[in-house]
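Please treat every number below as a calculation from the coordinates, not as lab data. Being a predicted model, the structure only gives us computed values, none of them experimental. Glycine gets a Cβ as well: all are built from the backbone with ideal geometry, and neighbour counts include every protein chain shown.
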Amino acid sequence: LTILAFESSADDTCAAVLTSTRKILSNVVIKQHEVHESWGGIHPAAAVMAHQRNMPIAAKRALTEAGLDISQVDGIAFTRGPGIGGCLGVSCNAAKTLAAVHNKPVVGVHHMQAHALTPLLTSWPDVPSFPFLTFLVSGGHTLLVLAESLTSFKIIATTRDESIGRTFDKVSRMLELSWDGIGPGAALERFCAGPEQGSLPDGFYPFPRPMPGQLAFSYASLHSHVERYLHFNGGIESVSLPSKLAIARSFQLAAFSQLEDKLLLALQWCANKSLDVRHLVVSGGVASNTLLRERLNACLKNAPTPLSVIFPPPSLCTDNAVMIAWASMHRFLAHDYDDYSINPRAKWSIEELHDKSEDRDM
Ligand code: ATP
Ligand code: FE
């Protein structure tokens, strides 16, 4: 099978073509960083406008790069949810309209399921075996999930407040780092990786380690910590470059230490339930961070149970339509299609993939 897929759940407009034999024929990602940098984050109305402008370009380019025309595609997939309602609507309508006009089947995909299943495509043939643990660390989520099959996921831990990706974005903005066309989270990583020495300013207390011993994340306290320091110490203008560097570096470490703490608790949780879990998948935009990759690899070397950690390549950790095509593949192969009347679902838990009800909040 050859599947054309669209993704527009947040700020990237994506289209891709993938075959059921795992060949990525094209992978188009049009980023909107310039649109959102002036707003300091994703502006929903501006994002919808940009998707509407870019989706026809992305779709056309995906087919051209794959060397195909629409008649040679066997089905069309799109991100059904979760995400920003208006943004989801752009992919949904593009997919349904093309599919209806060309008599192709259509499948709506869960965005977090797609992040979780990416390594089954990218690590072939050394793919994780079910059940496996998954960290989904992204702009909208911080989840620790047990993946039991392609379609069954159990949430072990989620964030009590903000996602890890959103916290990276906020701290990056508070430290006034330039997005440089790569976005706030990646800009913070790049700033931290610089060769200069950093030194924490007097009066900067260590970052908190929220909710010790509990299987739940909390990230809001990390950005509040930076915010409070800046508020009581004359703002970002009064912070020297070495201090700014040390604050950014110790924030990054604190963000990742929390993931390590919760991972060790999750391993204990699996052992208590006698679950034979051998792989940890780490996916979502934050998983493209090199320090996170190093830290989790090191943490698992000392883990009580052997577990191998699998990261998709960085370009397939952040949003893309290849993962949407891949997560739809088992449904196209089983002829399990959606109706052309299917709607987006902005709020949709990964535990409710089989729930066919509509989004009540839209
Ligand atoms: P979700 O997947 O939860 O719906 P999303 O699709 O908006 O959210 P992703 O594209 O999966 O999010 O990830 C984007 C997030 O990842 C942003 O918050 C971004 O700042 C963060 N991010 C991207 N690269 C890095 C990096 N190198 N280090 C840290 N964070 C990063
Ligand atoms: Fe995402």
Report task. For every helix of n ≥ 4 consecutive DSSP H residues, a contribution of -39,500 (n - 2.57) applies; sum these over the chain, divide by its total residues, and give [θ] at 222 nm rounded to the nearest 500 deg cm²/dmol. Result -> -13000 deg cm²/dmol
Report summary line: Scalar couplings 3J(HN,Hα) for segment 136-147 by Karplus 6.51 cos²θ - 1.76 cosθ + 1.60 (θ = phi - 60°), nearest whole Hz, x for Gly and Pro, are 10, 10, 8, x, x, 9, 9, 10, 10, 10, 9, 8
Requested in this report: Round to a whole angstrom and tell me the spacing of the C-alpha centers of segment 247-275 and segment 80-144.
Outcome: 25
Query raised in the report: Expressed in nm to one decimal, what extension gain is obtained for the pair Ser308 and Asp276 from 0.36 nm per residue of sequence separation less their Cα-Cα distance?
Result: 10.2 nm
Query raised in the report: Which distance in Å, rounded to a whole number, links the C-alpha centroids of segment 31-61 and segment 175-203?
Result: 25
**Report entry** Under 5 Å, built H, 5+ apart or other chain: amide partners of Phe153
**Finding:** Glu148
Report task. Apply the Karplus parameterisation 6.51 cos²θ - 1.76 cosθ + 1.60, with θ equal to phi minus 60°, to every residue of segment 248-263 and state each ³J(HN,Hα) to the nearest whole Hz, in sequence, with x for glycine and proline. Result -> 4, 5, 6, 5, 4, 5, 5, 4, 7, 4, 4, 5, 5, 4, 6, 5
Query raised in the report: Looking only at Met323, Met55, Met112, which one moves most when the chain is put into a Gaussian network model with springs between Cα atoms under 10 Å?
Result: Met55
Report task. Determine which residues of segment 37-55 fall in the zone a paramagnetic label at Asn93 would reach in this model, i.e. backbone nitrogen under 16 Å from the point 7 Å along Cα→Cβ. Result -> 45-55
Report summary line: Among beta bridges assigned by DSSP with both residues in the chain, the antiparallel ones amount in percent, to the nearest 5, to 60
**Report entry** Efficiency of FRET between Lys23 and Glu227 - r from beta-carbon atoms, R0 41 angstrom, step 0.05
**Finding:** 0.30
Requested in this report: Under 1.5 on a/c is rounded, so check that first for segment 236-349, then, if it is not, pick prolate when a/b is larger than b/c and oblate when it is not; a ≥ b ≥ c are the square roots of the alpha carbon gyration tensor eigenvalues.
Outcome: oblate
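If a/c stays under 1.5 just call it rounded; otherwise compare a/b with b/c (prolate if a/b is bigger, oblate if not). Do that for segment 154-222, with a ≥ b ≥ c from the square roots of the Cα gyration tensor eigenvalues. Don't jump to the answer; show the numbers that get you there.
On the way: a/c = 2.48, a/b = 1.43, b/c = 1.74.
In terms of gyration-tensor shape, oblate.
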Query raised in the report: Do you know the relative contact order of the chain, to the nearest whole percent, from alpha carbon pairs under 8 angstrom that are 6+ apart?
Result: 24
Query - Simple Cβ-charge dipole of the chain, Lys/Arg +1 and Asp/Glu -1, about Cα centre, in debye nearest 20 - result: 360
Query raised in the report: What value does the chain have for Rg/Rh, both radii from Cα atoms and Rh as Kirkwood defines it?
Result: 0.98
Query - Rg(Cα) / (2.2 N^0.38 Å) computed for segment 1-123, rounded to two decimals - result: 1.03
**Report entry** Cα-Cα pairs of segment 55-141 separated by more than 18 Å (percent)
**Finding:** 57
